[in-house]
Amino acid sequence: MKQFRNNVIRAGLGALCITGAHYLLRPIFSGVGAVYMLHHVRPRRDAEFQPNRHLEVAPEFLRAMLSHLRARGIDIITMDEVHRRLIERNFSRRFACFTLDDGYRDNRDFALPVMREFDAPLNVYVVSDFAEGTGRLWWIALEMVIAKASAIEARLGDAAIRLDASTPAAKQTAFDRLHDWLRGLPCEHDIHREIAALCARYGVDEAAVCHDLCMSWDELKPFADDPLVTIGAHTITHCNLAKHSAGIAGHEMAIGRARIENALQRPVIHLAYPYGDRFAAGAREFALARAAGFKTAVTTRPGMIFPESADHLTALPRVSLNGNYQDARILPVLTSGAATAMWNGFRRIDAA
Ligand SMILES: [Zn+2]
């Protein structure tokens, strides 16, 4: 199903490229700017089974995107500047803002050098438990379990199941099934319990994942000192906020931020909601982020920034630079707003 959806999206992007429809749509849907969303930036890997590949782009693709924006004369600005332009209604120049979620070490090693070539700033949203070394990156642990095993035995609720994982295609199917099941569980604790059981059974060191991939506080200190870097908050545990009480959700936002401020000795005024889709961040979370004093908060809902976004500063949409579509031909489609308009049903504001 996911493959089918990916193919439809690719076909849609392809059609927009070939027909040039994005040139016609640009004046209507491109808004005043865009906030781009990335996770990992690192060289392509060869492995056929890469179920989290949508979360990573190669440095060359990031460079192509930055060149494209510069060639169009689009300002590449910080989230502070996005906030300022929105509240001052200063839209004389188009803008782009680059945001990277979770605090991966590759952001320092591969993203920052490319951004530096263009003197372009980046915002990195840090999960405090990830920096602490105690975070649970369950989607990566799941990938490691399935990569290693030729069959997966698991209990989905009351049913004991056995999933084939002997080929890359079978692994992808098994990953999709388990991933969807895990995301549907009542809360994070359930996901962590099930992942811990799978890791124990298949010999995956789940605790090492966080250390291997995420910057520690000691690494974040010099990184945050770079003049191009802004650090934002991304909660304590990277939980699905909508699945928790308002008390816990507010605590995740406020304490996640306080820990970063304490460790890095700087104010943190921007937030990204973990997962960020409408099942993880809605009207209640937007209000909680506002009440917690965040100046902006970004979702993963697709969309460009419009002047009206100024009234919804804690519900900002983003444009994903998705690792499954790293083709320079889609860059004008992404900046035109045509792709996001197609995906969000041609809405300018999606903040309910
Ligand atoms: Zn995240």
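Only the coordinates and a few stated rules stand behind these numbers; no lab work does. Since this is a predicted model, take the numbers as computed values, not measurements. Don't worry about glycine lacking a Cβ; one is built from the backbone with ideal geometry, like all the others, and counts go over all protein chains shown.
Hey, among Ala71, Ala64, which residue is in contact (Cβ under 8 Å) with a residue 24 or more places away in the chain and either touching a strand residue (DSSP E or B) at 6+ places or on another chain (Cβ under 9 Å) or away from the ligand (no atom under 16 Å from the Cβ) (or both)?
Only one candidate qualifies: Ala64.
Test Arg348 against the stated conditions and say whether it is outside any helix (DSSP H, G or I) and basic (Lys, Arg).
Yes, satisfied.
How many residues does the stretch 276-295 hold that are under 25 Å from His54 (Cα atoms), of a type outside the set (A, V, I, L, M, F, W, C) and within 16 Å of the ligand (Cβ to nearest atom)?
Here the count works out to 3.
How many of the residues in the stretch 186-209 are part of a loop (DSSP other than H, G, I, E, B) and within 21 Å of the chain's Cα centre (by Cα)?
Adding up the residues that qualify gives 1.
Give all pairs with beta carbons closer than 8 Å in which a residue from the stretch 179-203 that is more than 12 Å from Ala154 (Cα to Cα) meets a residue that is surrounded by fewer than 18 Cβ atoms within 10 Å (Cβ to Cβ) and of a type in the set (A, V, I, L, M); count only pairs at least 6 apart in sequence or on separate chains.
From the stretch 179-203, the pairs are Ile191/Leu185.
Looking at Gly31 and the list (1) part of a helix (DSSP H, G or I); (2) away from the ligand (no atom under 16 Å from the Cβ), which single condition is not satisfied?
For Gly31, the exception is condition (1).
Could you look through the stretch 45-55, keep only residues that are assigned to a loop (DSSP other than H, G, I, E, B) and in contact with a helix residue (DSSP H, G or I) (Cβ under 9 Å, 6 or more places away or on another chain), and pick out the one that is farthest from the ligand (Cβ to nearest atom)?
Glu48
Could you look through the stretch 106-128, keep only residues that are charged (D, E, K, R) and crowded, with 18+ Cβ neighbours inside 10 Å, and pick out the one that is farthest from the chain's Cα centre (by Cα)?
Checking each candidate, the answer is Arg108.
Scan the stretch 299-316 for residues that are touching a strand residue (DSSP E or B) at 6+ places or on another chain (Cβ under 8 Å) and either without any contact (Cβ under 8 Å) to a residue 24 or more places away in the chain or not small (Gly, Ala, Ser) (or both) and report the count.
Counting residues in the stretch 299-316 that are touching a strand residue (DSSP E or B) at 6+ places or on another chain (Cβ under 8 Å) and either without any contact (Cβ under 8 Å) to a residue 24 or more places away in the chain or not small (Gly, Ala, Ser) (or both) gives 9.
Name every residue in the stretch 113-167 that is within 16 Å of the ligand (Cβ to nearest atom) and in a strand (DSSP E or B), in order of residue number.
Leu122, Asn123, Val124, Tyr125, Val126
Using the structure shown, decide if Leu100 is within 16 Å of the ligand (Cβ to nearest atom), assigned to a helix (DSSP H, G or I), touching a residue at least 12 places away in the same chain (Cβ under 8 Å) and of a type outside the set (S, T, N, Q).
Spelling it out, it is not the case that Leu100 is within 16 Å of the ligand (Cβ to nearest atom), assigned to a helix (DSSP H, G or I), touching a residue at least 12 places away in the same chain (Cβ under 8 Å) and of a type outside the set (S, T, N, Q).
Out of the residues in the stretch 258-275 meeting the condition of being free of Cβ contacts under 8 Å to residues at least 60 places away in the same chain and not hydroxyl-bearing (Ser, Thr, Tyr), tell me which one is farthest from the ligand (Cβ to nearest atom).
Of everything passing the filter in the stretch 258-275, Gln265 is farthest from the ligand (Cβ to nearest atom).
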